[in-house]
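The values are calculated or read from the model by the stated rules, or taken from the named source; none is laboratory data. Quick caveat: nothing in here was measured; it's all calculated off a predicted structure. With ideal geometry, Cβ positions are generated from the backbone for all residues, glycine too; neighbour counts draw on all protein chains shown. When the accessible area is computed, the model is the full protein with side chains, heavy atoms only, and any ligands, DNA or RNA have been set aside. Shrake-Rupley method; radii C 1.70, N 1.55, O 1.52, S 1.80 Å.
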Amino acid sequence: MKIMVADDSSTMRTIVKRHLASIGVDDVVEAKDGDDAVEKFKLHSVDLVLTDWNMPGKTGLEVLKEIRKTDAKIPVIMITTEADKSRVMEAVEAGATNYLVKPFTAEMFKEKMEKYID
Amino acid sequence: MQAEHIKTFIEALTYTFKTMLDCEVRHDPSQKNELLPPYPISAVIGLSGDAVGAVVLSLTEATALKAASILLQEEMTELDADAIDAVGELTNVVAGRAKAQMTSHELSISLPNVVTGKDHSVMFPRDVQPFTIPCDTDCGPLVMAVGLTNGRTKQNK
């Protein structure tokens, strides 16, 4: 399984990769901002996308909308501090599959991800 | 700045440090550290929208390296780009959680900026009086400074 992780924080990408490795996912494509995420989505055949919301360039919401133009099915999970109801609704309406609010523990991450990992 | 907002930021700091670092935060609300920033590393997040201001985490180098080491799961011995990013992300999460709890205000938060150096200064917007909260944590000491104008709320727009 190949997963793309989009976050402008190298720390957060490291943390997410670590959590993914602990649940058996080692094939990770990293994107350092929204524009990078859109480009890498086109280049790599990923099975799932994890994206932050607030990033330089395209936001995570814009990344989600770009992905949904060509792929209505791929799971896209927002990993973000944006936790208010209106933001969650905005993401869901744009096609987000699920939502994980920062901060999260390894256990919270695993619980959220387990249904998507084969 | 209202007392409830200060409590919100303290809760955000405490929860973030516990969740991401497994680190307890102890603060004494009666202590007010007037010197800002007291330590050589400042992570600054701007706040805008219905209120304007900023939140700053001021840390010692040791506190920053300890926090970065826990986040990155490797021993960080110098304040390199990875350690700086870790401090910035920690502050981003604190600000984001506080923002999410302040449901009476529509706020945006900036990307984090981290400033280092012994004699740097952090300036708040002109009409913002920051409230400084010295803390002792399992990672070391830090000071959180928060300042917000009392802007419009969703109710009186």
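Summary table
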quantity: 18 Å Cα-Cα reach of A:Lys42 towards lysines, excluding residues that sit fewer than 8 places from it in its own chain; calculated: A:Lys2, A:Lys32, A:Lys58, A:Lys65, A:Lys69, A:Lys73
quantity: Karplus (6.51, -1.76, 1.60) ³J(HN,Hα), θ = phi - 60°, over the range B:104-121, in Hz, Gly and Pro reported as x; calculated: 7, 10, 8, 10, 10, 10, 7, 5, x, 10, 10, 10, 10, x, 4, 10, 7, 10
quantity: Burial order of peptide ranges B:48-56, A:38-46, B:18-26 (average beta-carbon count within 10 Å, highest first); calculated: B:48-56, B:18-26, A:38-46
quantity: Probe 1.4 Å - accessible area at B:Asp136, Å² to nearest ten; calculated: 80 Å²
quantity: Probe 1.4 Å, all protein chains present, accessible-area order of B:His27, B:His5, largest first; calculated: B:His27, B:His5
quantity: Label zone at A:Lys65, where the point sits 7 Å out along the Cα-to-Cβ direction: the range A:78-118 residues whose backbone N lies under 14 Å; calculated: A:90-96
quantity: Ranking by accessible area, most exposed first, for B:Ile109, B:Ile70 with a 1.4 Å probe; calculated: B:Ile70, B:Ile109
quantity: Relative contact order %, chain B, counting alpha carbon pairs below 8 Å whose residues are six or more apart; calculated: 37 percent
quantity: Positive dipole terminus of the protein assembly as shown, leading residue within A:His44, B:Thr16, B:Asn150 (C-beta point charges); calculated: B:Asn150
quantity: Chain lengthening between A:Ile117 and A:Glu90 when straightened (0.36 nm per residue, less Cα-Cα); calculated: 7.2 nm
quantity: Those aspartates and glutamates that a straight Cα-Cα span of less than 15 Å connects to A:Lys115, excepting residues fewer than 8 apart in one chain; calculated: A:Asp47, A:Glu107
quantity: Cα-based helix-to-principal-axis angle, B:81-101 vs chain B, degrees rounded to 10; calculated: 30 degrees
quantity: With Cα atoms, 0 to 90° folded angle of helix B:61-72 axis to chain B main axis; calculated: 90 degrees
quantity: Order of exposure, largest accessible area first, which applies to B:Glu61, B:Glu75 with probe 1.4 Å; calculated: B:Glu75, B:Glu61
quantity: Relative contact order (%) - criterion: Cα under 8 Å, at least six apart; region: chain A; calculated: 24 percent
quantity: Expected 222 nm ellipticity per residue - DSSP helices of 4 or more, -39500 (n - 2.57), all of the protein assembly as shown, to 500; calculated: -12000 deg cm²/dmol
quantity: Helix axis angle, B:3-21 relative to chain B longest principal axis, alpha carbon, degrees; calculated: 30 degrees
quantity: Exercise: per-residue mean of other protein chain Cβ atoms within 10 Å, A:81-92; calculated: 3
quantity: Cα-based shape type of the range B:68-157, given that a ≥ b ≥ c are square roots of the gyration tensor eigenvalues and the cut on a/c is 1.5; calculated: prolate
quantity: Label-to-label distance, nm, for residues given as A:Met108 and B:Asp119 (7 Å Cα→Cβ offset); calculated: 4.2 nm
quantity: Whichever lysines have a C-alpha closer than 19 Å to that of B:Lys18, once near sequence neighbours (fewer than 8 apart) are set aside; calculated: A:Lys102, A:Lys110, B:Lys7, B:Lys66, B:Lys99
quantity: Other-chain or far-sequence residues with amide H under 5 Å of B:Val128's (modelled H); calculated: none
